[in-house]
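Structure first, commentary second.
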Amino acid sequence: MSITQQYLLDAHRARSLGEAAPPAPGTHEWRLLRAWREERRFRAVLAGRPVRPGLRAALARWWRRPTRPAPEAGPRTPRPRP
């Protein structure tokens, strides 16, 4: 049984019993991930380890890294001879 089927079954059961419908799948995932991240940071502080900035900062550093200059586009114009 998939998550969607289970959710629909639970929603139907709750409606037939007059109870509140359960939250849709994926509703609280961001909240769960944020709480997990904060717990890891808290435990790092308690253990005396440095708290690292995280994935977003690592991706920002990667995105802003220096790159080689792009090659010139098109044919070169000849230099005039003296």
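The values are calculated or read from the model by the stated rules, or taken from the named source; none is laboratory data. This one's a predicted model, so the numbers in the text were calculated from it and none came from an experiment. Please note: Cβ atoms are built from the backbone with ideal geometry, for glycine as well, and neighbour counts cover all protein chains shown.
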_Count of region 1-45 residues which are over 28 Å from ARG56 (Cα atoms) and either within 18 Å of the chain's Cα centre (by Cα) or β-branched (Val, Ile, Thr) (or both)_ = 2
*Got a sec? Which helices (runs of 4 or more DSSP H) wholly within the chain have at least 3 residues that are at pLDDT 90 or above, in contact with a Cys (Cβ under 7 Å, 6 or more places away or on another chain) and surrounded by 10 or more Cβ atoms within 10 Å (Cβ to Cβ)?*
none
